[in-house]
Amino acid sequence: MSVLKSVLGALFGVQSDKQRQHDFSQGKAWKFILVGIIMVTLFVLAIAALVSAIT
């Protein structure tokens with residue numbers, strides 16, 4: 001859950017420097033990469049669905 005919170009904070013640009021340092025020192029990189037890829041994919045699909053619904 002903390003990985004998801006960190007990734008969302010980073011995606012929206014609201015992650016604190018303290019949290020970022022904690023993530024790099026405590027977290028495993030592959031978890032952040034995997035959750036980041038999933039979140040970006042979901043975001044792109046949501047935008048595509050929204051555009052498709054509007055047009």
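Quick check, is Met1 surrounded by fewer than 10 Cβ atoms within 10 Å (Cβ to Cβ) and either out of contact with any strand residue (DSSP E or B) (no Cβ under 7 Å at 6 or more places or on another chain) or among the hydroxyl-bearing types (Ser, Thr, Tyr) (or both)?
Taking the combined requirement at face value, the residue satisfies it.
Pairs please, first residue from segment 21-40 and more than 16 Å from Gly9 (Cβ to Cβ) and modelled with pLDDT under 90, second anywhere and assigned to a helix (DSSP H, G or I) and not aromatic (Phe, Trp, Tyr), Cβ atoms under 9 Å, 6+ apart in sequence or on different chains.
From segment 21-40, the pairs are Lys28/Val3.
If the requirement is being within 12 Å of the chain's Cα centre (by Cα), outside any loop (DSSP other than H, G, I, E, B) and not aliphatic (A, V, I, L, M), which of these qualifies: Phe43, Phe24?
Just a single option satisfies the conditions, and that option is Phe43.
The values are calculated or read from the model by the stated rules, or taken from the named source; none is laboratory data. Computed from a prediction, not measured in an experiment: that's the story for all the values here. For neighbour counting, all protein chains shown are included, and Cβ atoms are generated from backbone atoms with ideal geometry for every residue, glycine included.
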